[in-house]
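**Q** If you scroll down you'll find the structure; I have some questions about it.
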Amino acid sequence: MKLSLVDTLISEGLIDEKQLEECRGIEKDSGQPIDRVLKNKGYLTEETLLDIFSRSLRLPYREELEGIEVPKAFTQKVPAQFARAYNLVCISADEKGCDVATCDPLDFHPMDDLAAMLGAQVRPVLAPRSEITALVNKAYQTSSTDVDELLEGIDEDDMISLTKMVDESEDVLDIANKPPIIKLMNTILFEALKIRASDIHLQPYNDRMQVRYRIDGILYDAKTVPKKFQDAIVSRVKVMGKMDIAERRLPQDGRTTIKVGDGEVDVRISSVPTSQGERIVFRLLDKTARLYTLDEIGLGPQDLELMHQYINYSHGIILITGPTGSGKTTTLYAGLAEIDSDEKNVITIEDPIEYNIDGISQIQVANKKGLTFASGLRSLMRQDPDVMMVGEIRDGETAGIAVQAANTGHLVFSTLHTNDSAGAISRMVNLGVEPYLVASAVITVVAQRLVRLICPNCKKPYDPTEAQLKELNCKDRSELHEGMLYLGEGCDSCLGRGLYDRTAIYEIFGIDEYARDEIIERVSASVMKQNAVTRGLRTLRMDGSRKVKEGHTTIEEVFRVTQLDVF
């Protein structure tokens, strides 16, 4: 069979003779099968290998295992450690035997052992390792025995020493033959990525450490880890983030990169001391996440037209405002991606660089080396830029240079932390920029929030009440999509919440002549906004109401993120 596999690889031009000879030498020295060597060397992707296995071995291949229920007999008879170590999971069973997903069909012995455990014939089905791991985690995570089994056999005297193994880029799918603490951390990281978590919290209590995932902006409790393993887990995290293990009294920051199959994820780590022990938060930044375009981020037709108009201005400042985690960076990148970088010189300074864009020069802030937003922006001015993006305006110096850049013929994109669009103007003035300079430089301010969308798998219509129609400023039901409102009943896909994924709601405040006069006269933000509404400004809540009427989200979700917006 190996000859058949190798012949297929060479005949299809996937590898050459030199690469094959190199891999055979590694196979002989290490004892690893040839397919694993080819994958580890990066000559072939897992997807390509599985496709070749499927054709060579005439085995079925499933790219996804979403929605599959693992038979109870499998979880009752097969230890979770065995399923994880050998990447095996039963996806269906009948009187003739079991269909078992595997990503390593050349490893026959675990399949034989599995057949003995189940007391049934095993039929291999090929599937990606990440899909198998996700299904194994889902099958075994229903009880605390999952954590207990991952930590089974740990010697408390050696707990700290076991945490000190670290690779340059840890593969969270690789847990075979790893120490228990590392197995647990890799499982936590993989689960978080699989369920689209943006953050992981390891929160200490008096009697336990609670693992929590932030999904679509909301925290969910997940695994519970016994208190006695807390120090070992914290030490393991610090080793991953290249932090000081001995320092427990001061906050620390670290970062690392983890691999999930063929993809990589950047992880920022923060630790702070609390009365119950150190608290850890991970921020997950997926390098493989795609870049969104302006027409994919929730802008209505009128707002989309406005954004296209503003990003094609020759000079001025475009400010994106909102709290942390409101999607400001995604909107900035969507705008930058639409600018023709062949005709224009586009340079950014960011902290951190979250997406890589072809044709755009991106600079990483390094405060310890003296490269701040202000100093970087000053240097960018000497690079003959047409368009500049500053990750955030944090101080008066940065604000002043940004205004100077805008008033000397450059288009500047940046973000501010304010509650609404008009508040950004007041913030710029409070940072020390003269009102007449703000009025001449800023061309538009975009405020935004993220709202969760109704889960498409359990979305159901219902009749609106009079009170709900009034909240949406509807005269009658004809203004609603098919005359109905919608909600999610809750299913496995949305973790029973009825809401899945997010989109943004927007408030685009174009700085017209009226607004410029108000800025120079130092009119308050609230009055400025009220006047803008009379001239046609659609507030965050108005845009949220539009998305409710169209059946994308719920009234409660819009009101949750626009509590201070009364217009």
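**Q** Could you tell me the calculated FRET efficiency between A85 and K369, based on Cβ-Cβ distance and R0 = 41 angstrom, to the nearest 0.05?
**A** 0.40
**Q** Mind giving me the nanometre distance, one decimal, between the label points for F559 and D512, set 7 Å out from Cα along Cα→Cβ?
**A** 3.2
**Q** What accessible area per residue, rounded to a whole number of Å², is obtained for the chain using a probe radius of 1.4 Å?
**A** Per residue, the chain has 47 Å² of solvent-accessible surface.
**Q** Going by the alpha-carbon gyration tensor, a ≥ b ≥ c the square roots of its eigenvalues, is region 74-133 rounded (a/c under 1.5) or, if a/c is not under 1.5, prolate (a/b greater than b/c) versus oblate? Show your work: numbers first, answer last.
**A** Details: a/c = 1.41, a/b = 1.26, b/c = 1.11.
Rounded shape, in that the Cα axes give a/c under 1.5.
**Q** Once a ≥ b ≥ c are taken as the square roots of the eigenvalues of the Cα gyration tensor of region 237-281, is the result rounded (a/c under 1.5), prolate (a/b larger than b/c) or oblate (a/b not larger than b/c)?
**A** Prolate shape, in that a/c is at least 1.5 and a/b is the bigger ratio.
**Q** Net charge near H201: determine it from the other residues with C-beta under 14 Å of the C-beta of H201, scoring Lys and Arg +1 and Asp and Glu -1.
**A** +3
**Q** Which of the listed residues, V172, G432, I393, is farthest toward the dipole's positive end in the chain, when Lys, Arg count +1 and Asp, Glu count -1 at the beta-carbon?
**A** G432
**Q** Using θ = phi - 60° and the Karplus relation 6.51 cos²θ - 1.76 cosθ + 1.60, list the HN-Hα couplings for region 100-105 in order, rounded to whole Hz, with x at every Gly or Pro.
**A** 10, 6, 9, 10, 9, x
**Q** Which pairs, out of K77/K194; K223/K460; K328/K547, put more than 29 Å between their alpha-carbon atoms?
**A** Values: K77/K194 25 Å; K223/K460 31 Å; K328/K547 19 Å.
Beyond 29 Å: K223/K460.
**Q** Same structure, new question: Quick one: Cα centre-to-centre distance for region 337-387 and region 69-104, in angstrom?
**A** 50
**Q** Turning to a different aspect of this structure: With θ set to phi - 60° and the Karplus curve 6.51 cos²θ - 1.76 cosθ + 1.60, what are the ³J(HN,Hα) couplings of region 243-260 in order, to the nearest whole Hz, using x for Gly and Pro?
**A** 3J(HN,Hα) across region 243-260, in whole Hz: 9, 7, 5, 6, 7, 10, 9, 10, x, 9, 10, x, 8, 8, 10, 10, 9, 10.
**Q** Ok, one more. So what is the relative contact order for the chain, in percent, with contacts set as C-alpha pairs under 8 Å and at least six apart?
**A** It comes to 8 percent, rounded to a whole number.
**Q** About its Cα centre, what dipole magnitude does the chain give when the only charges are +1 on Lys and Arg Cβ and -1 on Asp and Glu Cβ, stated in debye to the nearest 20?
**A** Values: 67 positive and 90 negative charges, 271 e Å.
With only Lys, Arg, Asp and Glu charged at Cβ, the dipole is about 1300 debye.
**Q** At 222 nm, what value in deg cm²/dmol follows for the chain if DSSP H runs of at least 4 each add -39500 (n - 2.57) and the sum is divided by all its residues, to the nearest 500?
**A** Numbers: 23 runs with 214 residues, N = 567.
Here the helix-only value at 222 nm equals -11000 deg cm²/dmol.
**Q** So for S440, S56, what's the accessible-area order with a 1.4 Å probe, most first?
**A** So the residues, ranked largest to smallest area, are S440, S56.
**Q** What list of ³J(HN,Hα) couplings, whole Hz, do you get for region 504-515 from phi and the Karplus terms 6.51, -1.76, 1.60, once you set θ to phi - 60° and write x for glycine and proline?
**A** Values, residue by residue: 10, 10, 10, 9, 9, 9, x, 7, 8, 4, 4, 5 Hz.
**Q** If Y500, Y355 are ordered by their accessible area, calculated over protein heavy atoms with a 1.4 Å probe, which sequence runs from highest to lowest?
**A** Y500, Y355
**Q** Using modelled amide H (1.01 Å from N, peptide plane; none on Pro or chain starts), what sits under 5 Å from the amide H of R502, excluding residues fewer than 5 places away?
**A** L453
**Q** At what distance in nm do the modelled label points of E247 and S30 sit from each other, each positioned 7 Å from its Cα along Cα→Cβ?
**A** According to this spin-label approximation, the distance is 3.6 nm.
**Q** Return the FRET efficiency for the residue pair E471, Q121: r is the Cβ-Cβ distance, R0 is 45 Å, and the value is rounded to the nearest 0.05.
**A** According to the calculation, E is roughly 0.15.
**Q** Calculate the FRET efficiency for D395 and S524 from the Cβ-Cβ distance with a Förster distance of 22 Å, rounded to the nearest 0.05.
**A** 0.45
**Q** OK, next. Given H placed 1.01 Å from N in the peptide plane, which residues other than close sequence neighbours of M209 have an amide H under 5 Å from its amide H?
**A** Counting only residues 5 or more places away or on other chains, the set is V225, K227.
**Q** In nm, what is the difference between 0.36 nm times the number of residues separating S478 and S198 and their Cα-Cα distance?
**A** 97.0 nm
**Q** Considering only protein heavy atoms and a 1.4 Å probe, what is the carbon-and-sulfur percentage of the accessible area of the chain?
**A** 47
The values are calculated or read from the model by the stated rules, or taken from the named source; none is laboratory data. Bear in mind the structure is a predicted one, so any value in this text is a computation, not a measurement. We place every Cβ from the backbone using ideal geometry, glycine too, and count neighbours over all the protein chains shown. What goes into the accessible areas is simple: the full protein's heavy atoms, side chains included, and nothing from ligands, DNA or RNA. Shrake-Rupley method; radii C 1.70, N 1.55, O 1.52, S 1.80 Å.
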